[in-house]
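These notes concern the structure reproduced below.
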Amino acid sequence: MARYNDAVCRMCRREGMKLFLKGDRCFTPKCGVERRSYPPGQHGQGRARFSDFGVQLREKQKVKRMYGLLEKQFARTMKRATRMKGRAGENLLVLLERRLDNVIYRMGFSTSRAEARQLVRHGHFLVNGRKASIPSIALREGAVVSVRETSRKVARIAGALEALEGKSVPQWIDIDKDNFTGKVKTLPVREDITMPIQEQLIVELYSK
């Protein structure tokens, strides 16, 4: 499977905002956007001019990189969102939020979605008491995510939970740190997603 192996801070700089791809590093002065707040490359400090298509493309790239999806994965998710009832853009964001790797990140068991994806692949989590190793699983309302008994001393998970102190957890998620479990109380809605995303631009891009 294809993977992006370059520096992820370049993605944040390219989109002109923090996508929080490096966990705690994004909250320090070492953040790439803080150090160099212009796009990467030879002409990064030049004046950027975008057509309507360019604006739509940048929005799609931003969301795709934020959630760590490849192009085909994102296109499949968009196609599924358009078949659902309601607004396609909002459906897209809700489907992305329901992914297992994103829910684990939101619960505070990892410091980034990429880290959550790796932990899932290594079999550290249970969903409703059963081992889950596919990061793209879409969780339903009432789903319970827990850390396996043998994985509760993993440094990454323990460190992420310690870093959760003082940080807010989305209202649609309930977390029990002492028992290393979390529950999807309700499905997320558009108001729960606070990142500056203009999902209508993505819908317009795929509708061409």
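The values are calculated or read from the model by the stated rules, or taken from the named source; none is laboratory data. Quick caveat, the model's predicted, so the values are computed rather than measured. Note that each Cβ is placed from the backbone with ideal geometry, even for glycine, and that neighbours are counted across all protein chains shown.
Taking the criterion of being under 30 Å from residue 152 (Cα atoms) and without any contact (Cβ under 8 Å) to a residue 60 or more places away in the chain, the residues of the range 65-103 that qualify are 65, 67, 68, 69, 95, 96, 99, 100, 101, 102. Taking first residues from the range 191-208 that are closer than 11 Å to residue 63 by Cβ and partners that are in a loop (DSSP other than H, G, I, E, B) and basic (Lys, Arg), the Cβ contacts under 9 Å between residues at least 6 apart in sequence or on separate chains come to 199/87. Can you tell me which residue in the range 52-103 is surrounded by the most Cβ atoms within 10 Å (Cβ to Cβ), limited to those that are of a type outside the set (D, E, K, R) and touching a Gly at 6+ places or on another chain (Cβ under 8 Å)? Applying the filter and picking the extreme gives 103.
Scanning the range 141-171 for residues that are without any contact (Cβ under 8 Å) to a residue 12 or more places away in the chain, at negative phi and small (Gly, Ala, Ser) yields 155, 158, 168. Counting the residues of the range 135-170 that are surrounded by fewer than 12 Cβ atoms within 10 Å (Cβ to Cβ) and within 18 Å of residue 114 (Cα to Cα) gives 1. Looking at the range 128-140, can you tell me whether even one residue there is more than 17 Å from residue 77 (Cβ to Cβ), in contact (Cβ under 8 Å) with a residue 24 or more places away in the chain and among the charged types (D, E, K, R)? Taking every residue of the range 128-140 in turn, none turns out to be more than 17 Å from residue 77 (Cβ to Cβ), in contact (Cβ under 8 Å) with a residue 24 or more places away in the chain and among the charged types (D, E, K, R). Quick one: count up the residues across the range 175-184 that are surrounded by 13 or more Cβ atoms within 10 Å (Cβ to Cβ), at pLDDT below 95 and charged (D, E, K, R). Counting residues in the range 175-184 that are surrounded by 13 or more Cβ atoms within 10 Å (Cβ to Cβ), at pLDDT below 95 and charged (D, E, K, R) gives 1. Among residues of the range 105-117 that are without any contact (Cβ under 8 Å) to a residue 24 or more places away in the chain, those with a Cβ under 7 angstrom from a residue that is assigned to a helix (DSSP H, G or I) and hydrophobic (A, V, I, L, M, F, W, C), sequence gap 6+ or separate chain, pair up as 105/116; 116/104.
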